[in-house]
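Here's the structure we're looking at; comments come further down.
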Amino acid sequence: QVQLVESGGGLVQPGGSLRLSCAASGFIFSIHHMGWYRQAPGKQRELVAVITNGEVTNYADSVKGRFTISRDNAKNTVYLEMNSLKPEDTAVYYCNAAFESTNYWGQGTQVTVSP
């Protein structure tokens, strides 16, 4: 059974930091490209960051220099370190695993940036 379980979301003040984690099970984690997406109310889901199975990373322009994606294949976990958070970062953050025809999603974790 495939599972992607996100954790680490919450309420943080502008300028603060959060670290999201996504624990994976039920598939071969190391061969999958892992990504974080987010969806704000009334908006489409958008890519935040991706790390390939070769650990090449790519980021949305809006988070470059503030967010860092990483993975630990031994723990089947992908992380998103978020610094200098802004109110516009408020969204539900989703973990994604993709490889060839497979595409898995987590249930999401809420991140709210507010004074």
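The values are calculated or read from the model by the stated rules, or taken from the named source; none is laboratory data. Computed from a prediction, not measured in an experiment: that's the story for all the values here. Cβ placement follows ideal geometry from the backbone for every residue including glycine, while neighbour counts extend to all protein chains displayed. Accessible surface is based on the protein model in full, side chains and every heavy atom, while ligands, DNA and RNA are left aside. Shrake-Rupley method; radii C 1.70, N 1.55, O 1.52, S 1.80 Å.
Data for the structure
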{"read-out": "Matching entry among THR77, THR109, THR90, THR57 (being in contact with a Gly (Cβ under 6 Å, 6 or more places away or on another chain) and among the polar types (S, T, N, Q))", "value": "THR109"}
{"read-out": "Qualifying residues in the range 61-91 (those that are of a type in the set (A, V, I, L, M, F, W, C) and outside any strand (DSSP E or B)) - the one farthest from GLY15 (Cα to Cα)", "value": "ALA74"}
{"read-out": "Counted residues, the range 5-17 - those being among the hydrophobic types (A, V, I, L, M, F, W, C) and more than 15 Å from TYR37 (Cα to Cα)", "value": "2"}
{"read-out": "Of all residues in the range 72-96 being among the acidic types (Asp, Glu) and more than 10 Å from the chain's Cα centre (by Cα), the one that is surrounded by the most Cβ atoms within 10 Å (Cβ to Cβ)", "value": "ASP89"}
{"read-out": "Inter-residue pairs, beta-carbon under 8 Å, first more than 11 Å from TRP36 (Cα to Cα) and free of Cβ contacts under 8 Å to residues at least 40 places away in the same chain and in the range 58-82, second in a loop (DSSP other than H, G, I, E, B) and open to solvent by less than 50 Å² (accessible area, probe 1.4 Å), 6+ apart", "value": "ARG66/LEU85"}
